[in-house]
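Asks: I am attaching a structure below and will ask some questions about it afterwards.
Where a number appears in this text, it was derived from the coordinates with a stated rule and is not lab data. Please read these numbers as outputs of a predicted model, since none were measured by experiment. Cβ coordinates were reconstructed from backbone atoms using ideal geometry, including for glycine residues, and neighbour counts include every protein chain displayed.
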Amino acid sequence: MWGWTDSQTGKEYAIIATTNSTAFVDVSDPVNPVFLGRIETAAGTNFWRDVKVYNNYAFIVADNVGSHGMQVFDLTILRNGVDPNLIFEGAQVLKYTGDGGSGDIVIGSCHNIVINESEGIAYLVGCGSANGGGPIFVDISTPTSPTTLGDYTAAGYTHDAQVVTYNGPDTDHTGKQIFIGSNGNTDKVVIPDVTDKTNVTLINDFTYPQTAYAHQGWFTEDQRYFILGDEVDEQSFGNNTRTLVFDMIDLDADFSNAALLNTYTGPTLAIDHNGYVNGNKFYLANYRAGMRVLDVPTLLSSNNSASEIGFFDTYPSSNSANFNGAWSIYPYFASGNIIISDIERGLFVVRQSNTLSTPDYNMTNSFSLSPNPTNSVSIIKSNSNTSINSIQIYSITGQKVYDNNNINTKEFVLPLTEYRSGIYLVKINGTTTKKLIKK
């Protein structure tokens with residue numbers, strides 16, 4: 001799963017990888033999400049499909065499905081609304097399997113895709129049939145004309161990764177493209193410098209106590225700390241959800257002991273999966289325990305037992321260590337809405353409690369609004385000498401859906417035909433708010 005915000009319209013979209021396709025859902029109105037359509041798999045079906053976004057394009061890979069390649073889709077097509085057939089296909093979807101030359105890497109199935117937006121490079125990882133699973137470097141700066149730049153195999157199979165243009169505390173590496181890979185059942189985290197795609201150098205690698213499957217991790221915002229999840233340790237060792245924090249003040253240091261700063265143990269036995277940092281919060285997809293939210297400063301402290309500051313349980317029937325429930329999270333929408341992908345229950349759109357806001361109410365009788373409820377139009381009338389100068393309409397979740405200023409009239413018709421059914425708040429002249437029901 002990933003998300004996309006249209007810079008022209010401000011609309012927010014969930015992109016959900018499923019067993020046989022990639023689905024696109026408009027979540028701009030989170031209580032009324034709209035399924036717009038999907039892209040069918042380019043090969044077989046499987047549980048593992050992943051997607052990332054760059055420059056208004058989605059890039060999609062799938063694992064263990066044969067010659068799937070990397071699908072490329074122009075997300076601005078979603079501005080057209082619901083696809084009549086609910087399938088985006090043909091010329092709308094590019095399939096890239098490599099450059100096609102003799103001896104070139106052939107991209108078939110890949111477990112994951114990572115994009116460093118600052119350099120316009122996609123890193124395809126876990127492409128076992130292509131090169132044993134090490135990262136493959138694809139230039140996507142022109143999204144419709146990808147080009148393979150090379151690969152790195154010396155560190156073995158990478159399951160998931162993050163790539164950053166480094167601006168952390170180790171000034172020896174400032175400005176370099178740093179890849180930090182979680183290498184699955186090799187029990188390693190690897191840190192190569194991938195600035196020169198033809199001459200990758202390994203900065204460091206390390207392991208940690210009770211390794212089972214080094215699954216995925218994410219840097220804190222200052223790139224000093226790395227937060228890692230091991231996907232199988234809960235089943236292998238019987239511990240509660242375990243989150244590992246490594247101090248990376250020096251990327252070249254001996255990580256065998258000093259780097260492991262803290263271990264946080266969660267309140268349930270559930271397995272951890274993907275986790276992402278946004279500001280001072282770490283959002284973790286915790287399988288049967290749903291989404292858990294950890295406070296990063298507390299997580300880094302010596303007494304981190306109170307790190308959890310919130311959760312949303314998408315699988316309330318059990319918290320056991322099994323592969324059901326929340327698989328991934330996208331916590332980067334400007335609205336504050338968070339999308340969760342649950343294996344059995346699909347898409348959830350949530351937000352932190354007590355954060356919905358609308359303009360202050362001043363419920364006076366200076367203006368009337370009728371008909372209300374309505375299924376087409378509603379008329380605002382001034383009941384005094386006060387003119388109607390400005391009107392804003394907000395959805396019940398606080399999203400502004402209409403804004404009109406410099407009206408200067410005593411009567412105004414609200415065009416509501418295209419609005420979905422629901423409750424809206426109409427603010428007049430910045431001071432008076434009326435509730436409107438659209439049938």
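Asks: Using only helices, what value at 222 nm comes out for the chain when you add -39,500 (n - 2.57) per DSSP H run of length 4 or more and divide by the total residues, to the nearest 500 deg cm²/dmol?
Replies: Only helices count here, giving -500 deg cm²/dmol.
Asks: To the nearest 0.05, how large is the calculated FRET efficiency for S256 and T298 if R₀ is 25 Å and r is the Cβ-Cβ distance?
Replies: Efficiency, from the Cβ-Cβ distance: 0.45.
Asks: Sticking with this structure for a sec: Hey, rough spin-label estimate for Q210 and K435, points 7 angstrom out along Cα→Cβ, what's it come to in nanometres?
Replies: Between Q210 and K435, the label points sit 5.1 nm apart.
Asks: Go through (i) 24, 58, 17, 1; (ii) 24, 53, 22, 1; (iii) 24, 50, 22, 4, 0 and flag the label whose value is the computed P(r) over Cα pairs in 20 Å bins from 0, in percent for this structure.
Replies: Checked against the structure: label (iii).
Asks: Continuing with this model, one more query. Dividing the alpha-carbon Rg of the stretch 256-389 by 2.2 N^0.38 Å yields what?
Replies: 1.59
Asks: How large is ³J(HN,Hα) for each residue in the stretch 366-380, as worked out from phi by the Karplus curve 6.51 cos²θ - 1.76 cosθ + 1.60 (θ = phi - 60°), to whole Hz, x for Gly and Pro?
Replies: 5, 9, 10, 9, 7, x, 7, x, 9, 10, 9, 10, 9, 10, 8
Asks: With the crude spin-label approximation of a point 7 Å out along Cα→Cβ, what separation in nm comes out for E344 versus T201?
Replies: My value for the distance between the label points is 5.1 nm.
Asks: Another question, if that's okay. Which log10 I(q)/I(0) values does the stretch 188-327 give at q = 0.12 Å⁻¹ under the Debye formula, counting every alpha carbon as one identical point scatterer?
Replies: -0.47
Asks: What nm distance separates the two modelled labels at E40 and T153, each placed 7 Å from Cα along Cα→Cβ?
Replies: Using points 7 Å along Cα→Cβ, the separation is 3.4 nm.
Asks: Picking from G126, L94, S236, whose Cα lies most toward the positive end of the charge dipole for the chain (charges on Cβ: Lys, Arg +1; Asp, Glu -1)?
Replies: Result: L94.
Asks: What list of ³J(HN,Hα) couplings, whole Hz, do you get for the stretch 114-128 from phi and the Karplus terms 6.51, -1.76, 1.60, once you set θ to phi - 60° and write x for glycine and proline?
Replies: Taking θ as phi minus 60°, the curve returns 10, 10, 9, 5, 5, 10, x, 10, 9, 10, 8, 10, x, 8, x Hz for the stretch 114-128.
Asks: Can you list the equivalent-ellipsoid semi-axes of the stretch 42-160, largest first and in whole Å, using the square root of 5 times each Cα gyration tensor eigenvalue?
Replies: Those come to 24, 16, 13 Å.
Asks: Something else: Contact order normalised by length for the chain, with contacts defined as Cα pairs under 8 Å and 6 or more residues apart; what percent is it?
Replies: 7
Asks: Taking only Cα atoms of the stretch 367-438, what ratio of Rg to Rh do you get with Rh as the Kirkwood inverse-distance radius?
Replies: For the stretch 367-438, the value is 0.93.
Asks: Quantify how much of the Cα-Cα distance distribution of the stretch 263-315 extends past 13 Å, in percent.
Replies: 55
Asks: Still on this structure: Springs between alpha-carbon pairs under 10 angstrom, Gaussian network model over the chain: which of I271, I121, I407 fluctuates most?
Replies: I407
Asks: Take the residue pairs K11/K434; K95/K400; K95/K176 and return only those whose Cα atoms are more than 28 Å apart.
Replies: Violating the 28 Å Cα-Cα cut-off are K95/K400; K95/K176.
Asks: Hey, with R₀ at 41 Å, roughly what FRET efficiency would S370 and A334 work out to, going by the Cβ-Cβ distance, to 0.05?
Replies: With a Förster radius of 41 Å, E is 0.70.
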